[in-house]
Amino acid sequence: MKIAGGKHWWPLGVPAGPTERVRPFNITSRHHDDTSDSAGARKGNLLPFRIQLVRNDKQLDSAVRIRHAVYQRHLPTLAELLTAPEDADKQENTIVLLGTSKADGIPLGTMRIHTNSGRLVEFERELELPAKYQGRTIAHVARLAVANGPLSGLVKLSLFKALHRYCLALQIEYMMVAGKPPIDRQYERLGFEDVFGQDDYVSITSSGGIPVRVMAFELATAEQRWRDAQHPLYKFMVQEFHPDIEIFQSVSSMWSQPRRVRRSPAPIELPDFLVV
């Protein structure tokens, strides 16, 4: 679809409209009231960046640049294949998330999500999945890349929240990833479990020949598991409202409402298990 000012495209299937541990740190976030005549206007925790859907080639190029830079640092062989957008970035039922700084627009992180509502995901096409995953709605999560810096842990957590919310809206049963060492340990801490076995590594096309752990996350039980375990993710993922995670702005008017009240900064405590 051609729009004045640039070439835009809408992701199909979307409603129109190095391994060192990072110490816990506080990110200043401001609460605000959205201007609204209704008594039920929601307040939210502002982030120093936005998480949005990639909707045009310029945004996709930003995602590709940070994707290549991060993979060059951790997996240089695979990074050689990621210098340009992949065909998978524009496939049916696929979206790309992009986190950008509010201050200067610099890209901070990205992630790709492909659901099997239209065609099988890569895991289904290339592997014999255990029976519990067969015939289920699955989201293949790939190309997670977050730039180094003081916001890296929070950006990663926000991308995960966007992923979680998106999959809930589409009634996805399992999120599935190819965990490349040492990143697989991060997914483990987020609640992903091995599909085959912790020591069972496989190779799929998108991994570029690198052995990976296939890991899955069950959506239906996530909130209860976090709550029962008093998991540090629970507050951020479930209880807090973050208007800067804008994955459904095209079907909501909340994003366009002006902010009339700004309150004192409130810290967001980042769980210490998030690593870069």
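The values are calculated or read from the model by the stated rules, or taken from the named source; none is laboratory data. A quick note: this is a predicted structure, and the numbers were derived from the prediction, not measured. Positions of Cβ are generated from backbone atoms using ideal geometry, with glycine treated the same way; all protein chains shown enter the neighbour counts. For accessibility, only protein heavy atoms count, side chains too; no ligands or nucleic acids. Shrake-Rupley method; radii C 1.70, N 1.55, O 1.52, S 1.80 Å.
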With every protein chain in place, region 107-189: carbon and sulfur % of accessible area (1.4 Å): 52 percent
Mean separation of Cα contacts under 8 Å, 6 or more apart, over the residue count of region 76-130: relative contact order %: 25 percent
Calculated FRET efficiency for the pair H74/E193, C-beta based, R₀ 25 Å, to 0.05: 0.65
Portion, in percent, of the accessible area of region 193-246 that falls on carbon or sulfur, probe 1.4 Å: 43 percent
Gain in span if fully extended, N148 to E223, counting 0.36 nm per residue against the direct Cα distance: 24.1 nm
Accessible area per residue in Å² at 1.4 Å probe, computed on region 50-90: 50 Å²
Rg/Rh (Cα only; Kirkwood hydrodynamic radius) as it applies to region 102-230: 0.96
